[in-house]
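Novice: Structure incoming, see below.
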């Protein structure tokens, strides 16, 4: 089992309701990640938001800065909003972090907690499900093949296209974050991807049936049982590792 902390980079406000300077909050984040590494936590994750109450819109930049002040802790997104991102650029950014950290990068792909990134980057919310499905397929193809040939609905086709740089050992660790819908669990299990359950409210025990469903789907598609990884996150912390656990 691995333990970690996930953050959204919340902006702090003083007693008069005045927000903290974003630059100061970002500098604090780097110091906090450095401390997490020093005390021996296994994972740090930072979310992607495009709102005034959060300081981080580009997790990759924070993680790249953290790479220079850490030695052991895994650095990942929590989450990267895949539906409104370009999978090619997303892979390149995290492969770069993986190289900087000698293999400590973790890309956690999800739909996100908010929807502001869709109009910001020109996507239609009516395509919510199709966007995620198509972009996940492309992201995984990039991770497994080079060069690649690909054609989809929401992005220009790629023909014999090479994507550089490549992650350490030509493999980037990609997780899928799910909020509790069986459809999302099915997708992760079908692809054989490690899954992180976002336990936003309620008793974590209530998610056990989804953990069990994931294992059933994972086994059904014949994936290597030795590589099965699941995790659960709450507002307090993240549990990351081979088996699920309650976060207390």
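The values are calculated or read from the model by the stated rules, or taken from the named source; none is laboratory data. Owing to the predicted nature of the structure, the values given are computational and were not obtained by experimental measurement. Here the Cβ positions follow ideal geometry from the backbone for every residue, glycine too, while neighbour counts run over all protein chains shown.
Novice: Applying the selection to the range 74-94, what residues are in contact with a strand residue (DSSP E or B) (Cβ under 7 Å, 6 or more places away or on another chain) and assigned to a loop (DSSP other than H, G, I, E, B)?
Specialist: Correct list: 78, 79.
To keep it simple, each residue is scored yes or no on (1) outside any helix (DSSP H, G or I); (2) closer than 30 Å to residue 158 by Cβ; (3) in contact with a strand residue (DSSP E or B) (Cβ under 6 Å, 6 or more places away or on another chain); (4) modelled with pLDDT of 95 or more.
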{"site": "15", "(1), (2), (3), (4)": "yes, no, no, no"}
{"site": "25", "(1), (2), (3), (4)": "no, no, no, no"}
{"site": "35", "(1), (2), (3), (4)": "no, no, no, yes"}
{"site": "62", "(1), (2), (3), (4)": "no, yes, yes, yes"}
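Novice: Hey, another quick one. What number goes with the only condition from (1) at pLDDT 95 or above; (2) assigned to a helix (DSSP H, G or I) that residue 103 does not pass?
Specialist: (2)
Novice: Residue 197 is checked against (1) touching a strand residue (DSSP E or B) at 6+ places or on another chain (Cβ under 8 Å); (2) farther than 23 Å from residue 219 by Cα; (3) surrounded by 14 or more Cβ atoms within 10 Å (Cβ to Cβ) and fails just one. What number does that condition carry?
Specialist: The failed condition is (2).
Novice: Out of all the residues in the range 51-60, which are in a loop (DSSP other than H, G, I, E, B), free of Cβ contacts under 8 Å to residues at least 60 places away in the same chain and either touching a helix residue (DSSP H, G or I) at 6+ places or on another chain (Cβ under 8 Å) or within 25 Å of residue 178 (Cβ to Cβ) (or both)?
Specialist: Matches in the range 51-60: 53, 55, 56, 57, 58.
Novice: Among the residues of the range 191-216, which ones are farther than 17 Å from residue 110 by Cβ and touching a residue at least 40 places away in the same chain (Cβ under 8 Å)?
Specialist: Hits for the range 191-216 are 204, 205.
Novice: I'd like the full set of residues that are part of a loop (DSSP other than H, G, I, E, B) and modelled with pLDDT of 95 or more, limited to the range 202-223.
Specialist: Correct list: 221, 222, 223.
Novice: Name the residues in the range 143-185 that are touching a strand residue (DSSP E or B) at 6+ places or on another chain (Cβ under 6 Å), loosely packed, with under 13 Cβ neighbours inside 10 Å and not in a strand (DSSP E or B), would you?
Specialist: Once the filter is applied, which keeps residues that are touching a strand residue (DSSP E or B) at 6+ places or on another chain (Cβ under 6 Å), loosely packed, with under 13 Cβ neighbours inside 10 Å and not in a strand (DSSP E or B), the range 143-185 yields only 147.
Novice: Residue 42: loosely packed, with under 15 Cβ neighbours inside 10 Å, in contact (Cβ under 8 Å) with a residue 40 or more places away in the chain and in contact with a strand residue (DSSP E or B) (Cβ under 7 Å, 6 or more places away or on another chain), yes or no?
Specialist: Criteria not met by residue 42.
Novice: Name the single residue, out of those in the range 97-121 being closer than 23 Å to residue 133 by Cα and without any contact (Cβ under 8 Å) to a residue 60 or more places away in the chain, that is surrounded by the most Cβ atoms within 10 Å (Cβ to Cβ).
Specialist: That would be 118.
Novice: Residue check: is residue 188 under 29 Å from residue 124 (Cα atoms), surrounded by 11 or more Cβ atoms within 10 Å (Cβ to Cβ) and without any contact (Cβ under 8 Å) to a residue 40 or more places away in the chain?
Specialist: For residue 188, the condition - under 29 Å from residue 124 (Cα atoms), surrounded by 11 or more Cβ atoms within 10 Å (Cβ to Cβ) and without any contact (Cβ under 8 Å) to a residue 40 or more places away in the chain - is met.
Novice: Still on this structure, please answer the following. Farther than 18 Å from residue 76 by Cβ and in contact with a helix residue (DSSP H, G or I) (Cβ under 8 Å, 6 or more places away or on another chain) - does that describe any residue in the range 167-178?
Specialist: Quick first cut of the range 167-178, residues farther than 18 Å from residue 76 by Cβ only: 170.
Of the ones still in play, those that are also in contact with a helix residue (DSSP H, G or I) (Cβ under 8 Å, 6 or more places away or on another chain) are none.
No.
Novice: Please work out if residue 71 is outside any helix (DSSP H, G or I), more than 21 Å from residue 180 (Cβ to Cβ) and without any contact (Cβ under 8 Å) to a residue 40 or more places away in the chain.
Specialist: Considered against the rule, which asks whether it is outside any helix (DSSP H, G or I), more than 21 Å from residue 180 (Cβ to Cβ) and without any contact (Cβ under 8 Å) to a residue 40 or more places away in the chain, residue 71 comes out as yes.
Novice: Could you list all residues from the range 111-139 that are within 18 Å of residue 196 (Cβ to Cβ), in contact with a strand residue (DSSP E or B) (Cβ under 7 Å, 6 or more places away or on another chain) and modelled with pLDDT of 95 or more?
Specialist: Passing the criteria: 136, 139.
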